[in-house]
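Visitor: Have a look at this one before I ask anything.
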Amino acid sequence: MFKNYFKISLRNIRKNKLYAAINIFGLSIGLAACLIIGIYIHHELSYDQFNKNADRIVRVTMEYKMAGDVSSDAVTGTKVGPQFKRTFPEITDYVRTYIAGRVVSHGQESFKEPRVLYADPGIFKVFTFPIIDGTAATALDAPDKVVITQAMARKYFGSGNPIGQTLTIGEKEMQVSAVCEDVPDNSQLKFDFVTRFLNLNGVQKETWWTANWITYLLLQNKSDIAPLQKKIDTYMQTADVRADAGVKGSDYLHYNIQPLTRVHLYSDLPGFEPNGSITYIYFFVAVALLILIIACANYINLATAQSVKRTGEIGIRKVMGASGKQVFAQFMTEATSIALMSAAISIFICFLALPLFNRITGMSFDMSAILKPIPILFLLLFAAFVGFLAGLYPSLVLSHTQTMKVVKAGFASTNNNSWLRKVLIVVQFSASVFLIISTVVIVQQMDFMKTKNLGYDKDHVLVLPIYNQMMPEFQNIKEALEGVKGVSGVTASYETPEFVEWGDGVRTVDKNGMHEVSVTGMPIDLDFIKTMDMHLLAGRDFIKSDFAMMDTNNNYANYHVPYIINETLAKKLGWTPQEAIGKTVEKSVTGPVVGVVKDFNFTSLHDPIGPLLIFLSRDLSNNFMLRINGSDAKGTIARLETVWKERVPGKPFTYSFLDDSYNKLYASEQRSSQLLSIGALIAIILACLGLFGLAAISTLQRIKEIVIRRVLGADISNITWLVSKNFLKLIGIAILISLPLAYWATHSWLQNYSYRIAVSPFVLIIVPLVTILISLVTIGYHSIRASLINPAKTLKTE
């Protein structure tokens, strides 16, 4: 019996190729989009879940109040891990971590490796990074040992055994003690090399401050997290600890612990990579659901619309003795068959779409992520469910219709006003307009972030690393770089200006007493303001003679440092830019304010511009920044490489562009906006595809009426309005529903940014108008086609 039903299903597909194609294609695209979005969401939600101790690992973050200002950081001082372990029995181990770029050499080959992890020996006990060659317990038991990943083993040693081999990392020779598996993509802690934390300079002494390190704790039990947080809060308020940390008055130093598995999506404090956002996960879940709703609405709409044309067939079946159950089974088999065919095709579409998806997201998903039991089971169950819904309405209606009524109705139908179809049209266009408006606003915000005037010019700025061996020749190297054709400015700094993390504090005294302000500190070399094209509001840039203030004679008795402050810090201290010049401020060293720079964004646009203290310090420089000629970038870089090889032998010439570093701050948002754009495009295509099919059915059902109206003198515009008006009413209702929802959602999302666009009324007007226009074109095609049919052909059967 079911074999017969299946044959009839195939026959109907061949007979109604257009509607079958729309049904299958639309549902396939919807299912494929949801599968791909699903694996992305699963990847984001699974961050760090691969660790066996994931539910017992916490990250420690730092919150402190200085001079009335509260600040938070994901980094801590060196004392937090060991002191907390000594104090709280709930803690079984700790790991302090820091990732740095280092030149790694083996034989004659040298590479700048960006992911050298410095960590305490307990890293392989706390985290699950399986050792495949060597022993975890002894992997980091000596300062000259390094653990490398499988990828680095292949890169440096080929098929040879790396254990016991020597690598030079930075200036230090190290022995490969173990090889671990490559770090999964869904890990916050990504590395290629691991060596001991104490190999870093300046970390041997335990301090609460000098916070540059991310600290993780392993707890006895996951239930210890909340009680331990309370104990830490109490402990940090004790007099001894406050005295040890140098905290006075109303100031405080607190530490918060965050469950490892919640850091990636729920924390505002970035670690070694920009965090994701649970908000975007909600967005993607909504997009997937809306696409599915639209695809399913199309399918159910077209299935029910087509079914009413088969009243004659059902009448004959009933006359021939078919029961209501058999008619019901026939429709259910047909609908489910098409849904399952769509599911199979959706897997092929995923195969074609994954490379593009990987390019957008930076991921490396393959078909193995989809061809797993759970995704396939979901796909089959959902396809069967959609098929059931699509077949249920016509099955129930037609299988229970009295035979005489069906036979009298013949092969025609006037069931053009089904409430179900109206509801589904409103739902799918509401979803489409909501998605399009949301996506346009998100893309506009991303574009605003790319093009916003940051207070400095980030374009055509080349960043080169500064190694320790370069410091004795710092000035000579800088002058050699300045002399390269195509270079218009050279400076150096501790951090590049797109994201400055140096936390500090300043004090100053005036007639009203002492003022203390928590600030961000930025050590720089000469020519920074000029090279970065910043604007001074008062005073001057640093000059060579300023180094004379930094007198180290007589045990630093006359040592001073000149400062440039931003206008926000000047306001905090109660000065105008002009009043600030010549004033004395104290960080750890006193010095005069020689300039006030116009505010520039030195952190994420999520945050407002804070007080900034810029101070002269060549010794702390980690990067050269060169402004180059954008019209001959390749030639300038080639000439710079020649000079580099002459001046810095043995170190690879590696560079980056400042605007690329800036864009990386928002890489997650940019990827999400691209994916949402594609989702919105799929949504409107599916909605119009369904409208196209429904308009075709509606036009076909009214073809004789259309032809008669044409014979009586109606023009094409009249016919188009006749066919379109009912659809346009429904689309109008959908727009009225979606506009306030879209405005609320996008306005709420924009509140995450201190610097943001406003939701433009233009967007709220133009998107609905474009939707209506696309709908008119979709419907109008059938109207015009019907209007051009020869009346004699259509009416000769009457």
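The values are calculated or read from the model by the stated rules, or taken from the named source; none is laboratory data. These numbers come from a predicted model, not from an experiment. Counting neighbours? That spans all protein chains shown, and the Cβs are built from the backbone with ideal geometry, glycine included. Only protein heavy atoms, including side chains, enter the accessible area calculation; ligands, DNA and RNA are left aside. Shrake-Rupley method; radii C 1.70, N 1.55, O 1.52, S 1.80 Å.
Visitor: Where residues in region 78-91 are out of contact with any Ser or Thr (no Cβ under 9 Å at 6 or more places or on another chain) and either among the aliphatic types (A, V, I, L, M) or surrounded by 16 or more Cβ atoms within 10 Å (Cβ to Cβ) (or both), which of them is nearest to Leu217 (Cα to Cα)? Walk me through it before giving the result.
Guide: Taking region 78-91 and keeping what is out of contact with any Ser or Thr (no Cβ under 9 Å at 6 or more places or on another chain), we get 82-83, 86-91.
When the remaining residues are screened for being either among the aliphatic types (A, V, I, L, M) or surrounded by 16 or more Cβ atoms within 10 Å (Cβ to Cβ) (or both), the result is 83, 88, 90-91.
Working: Gln83: 11, Phe88: 11, Glu90: 10, Ile91: 7 Å.
Only one residue fits best here, namely Ile91.
Visitor: Name the one entry in Thr361, Thr333 that is among the polar types (S, T, N, Q), in contact with a Phe, Trp or Tyr (Cβ under 6 Å, 6 or more places away or on another chain) and surrounded by 14 or more Cβ atoms within 10 Å (Cβ to Cβ).
Guide: On the way: Thr361 fails: in contact with a Phe, Trp or Tyr (Cβ under 6 Å, 6 or more places away or on another chain).
It is Thr333.
Visitor: Sticking with this one: Would you say Ile8 is at pLDDT below 90, within 30 Å of Val287 (Cβ to Cβ) and among the β-branched types (Val, Ile, Thr)?
Guide: Values: at pLDDT below 90: yes; within 30 Å of Val287 (Cβ to Cβ): no; among the β-branched types (Val, Ile, Thr): yes.
Spelling it out, it is not the case that Ile8 is at pLDDT below 90, within 30 Å of Val287 (Cβ to Cβ) and among the β-branched types (Val, Ile, Thr).
Visitor: Collect the residues in region 515-568 that are among the hydroxyl-bearing types (Ser, Thr, Tyr) and in contact (Cβ under 8 Å) with a residue 24 or more places away in the chain, keeping them in residue-number order.
Guide: Ser518, Thr520, Thr531, Tyr559, Tyr563, Thr568
Visitor: Sticking with this one: Go through region 96-138 and report how many residues are among the hydrophobic types (A, V, I, L, M, F, W, C), open to solvent by 60 Å² or more (accessible area, probe 1.4 Å) and closer than 28 Å to Thr654 by Cα. Talk me through it step by step, then tell me what you get.
Guide: Narrowing region 96-138 to residues among the hydrophobic types (A, V, I, L, M, F, W, C): 99-100, 103-104, 111, 116-117, 119, 123-124, 126-127, 129, 131-132, 136-137.
Subset that is open to solvent by 60 Å² or more (accessible area, probe 1.4 Å): 111, 132, 137.
With the extra rule that they be closer than 28 Å to Thr654 by Cα, the set shrinks to 111.
Counting residues in region 96-138 that are among the hydrophobic types (A, V, I, L, M, F, W, C), open to solvent by 60 Å² or more (accessible area, probe 1.4 Å) and closer than 28 Å to Thr654 by Cα gives 1.
Visitor: Determine whether region 84-101 contains at least one residue that is farther than 19 Å from Glu501 by Cα, touching a residue at least 12 places away in the same chain (Cβ under 8 Å), among the small types (Gly, Ala, Ser) and touching a strand residue (DSSP E or B) at 6+ places or on another chain (Cβ under 7 Å).
Guide: Filtering region 84-101 down to residues farther than 19 Å from Glu501 by Cα leaves 84-95.
Of the ones still in play, those that are also touching a residue at least 12 places away in the same chain (Cβ under 8 Å) are 84-85, 87-95.
From what is left, the residues that are among the small types (Gly, Ala, Ser) are none.
Looking for residues that are farther than 19 Å from Glu501 by Cα, touching a residue at least 12 places away in the same chain (Cβ under 8 Å), among the small types (Gly, Ala, Ser) and touching a strand residue (DSSP E or B) at 6+ places or on another chain (Cβ under 7 Å), one finds none in region 84-101, hence no.
Visitor: Can you name every residue in region 541-593 that is within 18 Å of Gly521 (Cα to Cα), of a type outside the set (A, V, I, L, M) and assigned to a strand (DSSP E or B)?
Guide: Within region 541-593, Tyr563, Asn566, Thr584, Glu586, Thr590, Gly591, Pro592 meet the criteria.
Visitor: Another question, then. Please enumerate the residues belonging to region 726-780 that are under 30 Å from Pro608 (Cα atoms), of a type in the set (Phe, Trp, Tyr), in contact (Cβ under 8 Å) with a residue 12 or more places away in the chain and outside any loop (DSSP other than H, G, I, E, B).
Guide: Hits for region 726-780 are Tyr743, Trp749.
Visitor: For region 225-289, which fully contained helices (runs of 4 or more DSSP H) count at least 2 residues that are within 22 Å of Asp607 (Cβ to Cβ) and either free of Cβ contacts under 8 Å to residues at least 12 places away in the same chain or in contact with a Gly (Cβ under 6 Å, 6 or more places away or on another chain) (or both)? Step through it out loud before you land on a result.
Guide: Numbers: elements: 225-236, 239-245, 260-266.
Output list reads 260-266.
Visitor: Checking Thr97 against (1) over 30 Å from Pro611 (Cα atoms); (2) in a strand (DSSP E or B): exactly one of these is not met. Which one?
Guide: (1)
Visitor: Could I ask something else about it? Please indicate, with yes or no, whether at least one residue in region 652-670 is modelled with pLDDT under 90, in a loop (DSSP other than H, G, I, E, B) and under 30 Å from Tyr282 (Cβ atoms).
Guide: Yes: one or more hits.
Visitor: Can you pull out every residue in region 226-247 that is among the hydrophobic types (A, V, I, L, M, F, W, C), closer than 13 Å to Gln258 by Cα and open to solvent by 30 Å² or more (accessible area, probe 1.4 Å)?
Guide: Ala226
Visitor: Here is a further query. Return the residue satisfying two criteria in turn: it lies in region 635-688 and is hydroxyl-bearing (Ser, Thr, Tyr) and open to solvent by 50 Å² or more (accessible area, probe 1.4 Å), and of such residues it is farthest from Gln475 (Cα to Cα). Lay out the reasoning, then the answer.
Guide: We begin by selecting, within region 635-688, every residue hydroxyl-bearing (Ser, Thr, Tyr); these are 636, 642, 654-656, 661-662, 666, 668, 672-673, 677.
In the following step, the residues that additionally are open to solvent by 50 Å² or more (accessible area, probe 1.4 Å) were identified as 642, 655.
Details: Thr642: 18, Tyr655: 19 Å.
Ranking the qualifying residues of region 635-688, first place goes to Tyr655.
Visitor: Search region 268-280 for residues being closer than 14 Å to Thr215 by Cβ and surrounded by fewer than 18 Cβ atoms within 10 Å (Cβ to Cβ), and hand back the single one that is modelled with the lowest pLDDT.
Guide: Narrowing region 268-280 to residues closer than 14 Å to Thr215 by Cβ: 269, 271-272.
Checking the rest, the ones that are also surrounded by fewer than 18 Cβ atoms within 10 Å (Cβ to Cβ) come to 269, 272.
Details: Leu269: 87, Phe272: 84.
Within region 268-280, the match that is modelled with the lowest pLDDT is Phe272.
Visitor: Now for a separate question. Of the conditions (1) at pLDDT 85 or above; (2) of a type in the set (A, V, I, L, M); (3) part of a helix (DSSP H, G or I), Leu371 fails just one. Which one is it?
Guide: The number of the failed condition is (3).
Visitor: So is Lys205 of a type outside the set (Ser, Thr, Tyr), open to solvent by 20 Å² or more (accessible area, probe 1.4 Å) and within 28 Å of the chain's Cα centre (by Cα) or not? Spell out the reasoning first.
Guide: Numbers: of a type outside the set (Ser, Thr, Tyr): yes; open to solvent by 20 Å² or more (accessible area, probe 1.4 Å): yes; within 28 Å of the chain's Cα centre (by Cα): no.
No.
Visitor: Quick one: which residue in Ser668, Ser677, Ser656, Ser673 is touching a Gly at 6+ places or on another chain (Cβ under 7 Å) and closer than 30 Å to Leu605 by Cβ? Show your work before the answer.
Guide: Values: Ser677 fails: touching a Gly at 6+ places or on another chain (Cβ under 7 Å); Ser656 fails: touching a Gly at 6+ places or on another chain (Cβ under 7 Å); Ser673 fails: touching a Gly at 6+ places or on another chain (Cβ under 7 Å).
Of the residues listed, the single one that is touching a Gly at 6+ places or on another chain (Cβ under 7 Å) and closer than 30 Å to Leu605 by Cβ is Ser668.
Visitor: May I pose another question? Given the criteria surrounded by fewer than 19 Cβ atoms within 10 Å (Cβ to Cβ) and part of a loop (DSSP other than H, G, I, E, B), does Asn453 qualify?
Guide: Values: surrounded by fewer than 19 Cβ atoms within 10 Å (Cβ to Cβ): yes; part of a loop (DSSP other than H, G, I, E, B): yes.
Considered against the rule, which asks whether it is surrounded by fewer than 19 Cβ atoms within 10 Å (Cβ to Cβ) and part of a loop (DSSP other than H, G, I, E, B), Asn453 comes out as yes.
Visitor: Mind checking which residues of region 699-753 are hydroxyl-bearing (Ser, Thr, Tyr), over 29 Å from the mean Cα position of the chain (by Cα) and either within 30 Å of Val441 (Cβ to Cβ) or open to solvent by less than 60 Å² (accessible area, probe 1.4 Å) (or both)?
Guide: First, pick out the residues of region 699-753 that are hydroxyl-bearing (Ser, Thr, Tyr): 699, 717, 720, 724, 738, 743, 746, 748, 753.
Filter once more, so that each one left must be over 29 Å from the mean Cα position of the chain (by Cα): 699, 717, 720, 724.
Within region 699-753, Thr699, Thr720, Ser724 meet the criteria.
Visitor: Restricted to region 142-179, and to residues that are of a type in the set (Ser, Thr, Tyr) and outside any helix (DSSP H, G or I), which residue is farthest from Asn199 (Cα to Cα)?
Guide: Looking only at region 142-179, we keep the residues that are of a type in the set (Ser, Thr, Tyr), and these are 149, 156, 159, 166, 168, 177.
Narrowing the set further to residues that are outside any helix (DSSP H, G or I) leaves 149, 159, 166, 168, 177.
Values: Thr149: 19, Ser159: 29, Thr166: 16, Thr168: 13, Ser177: 16 Å.
Filtering region 142-179 for residues that are of a type in the set (Ser, Thr, Tyr) and outside any helix (DSSP H, G or I), the one farthest from Asn199 (Cα to Cα) comes out as Ser159.
Visitor: Restricting to region 567-601, count the residues that are touching a Phe, Trp or Tyr at 6+ places or on another chain (Cβ under 7 Å) and open to solvent by less than 10 Å² (accessible area, probe 1.4 Å).
Guide: 4
Visitor: If you go through region 485-525 one residue at a time, how many are closer than 27 Å to Gly635 by Cβ, open to solvent by 10 Å² or more (accessible area, probe 1.4 Å) and either of a type outside the set (Ser, Thr, Tyr) or outside any strand (DSSP E or B) (or both)? So that I can check it myself, show each step before the final result.
Guide: Let us first name the residues in region 485-525 that are closer than 27 Å to Gly635 by Cβ, namely 485-493, 496-498, 525.
Subsequent filtering for residues that are open to solvent by 10 Å² or more (accessible area, probe 1.4 Å) retains 485-488, 496, 498.
Now restrict to residues that are either of a type outside the set (Ser, Thr, Tyr) or outside any strand (DSSP E or B) (or both): 485-487, 496, 498.
Within region 485-525, residues that are closer than 27 Å to Gly635 by Cβ, open to solvent by 10 Å² or more (accessible area, probe 1.4 Å) and either of a type outside the set (Ser, Thr, Tyr) or outside any strand (DSSP E or B) (or both) number 5.
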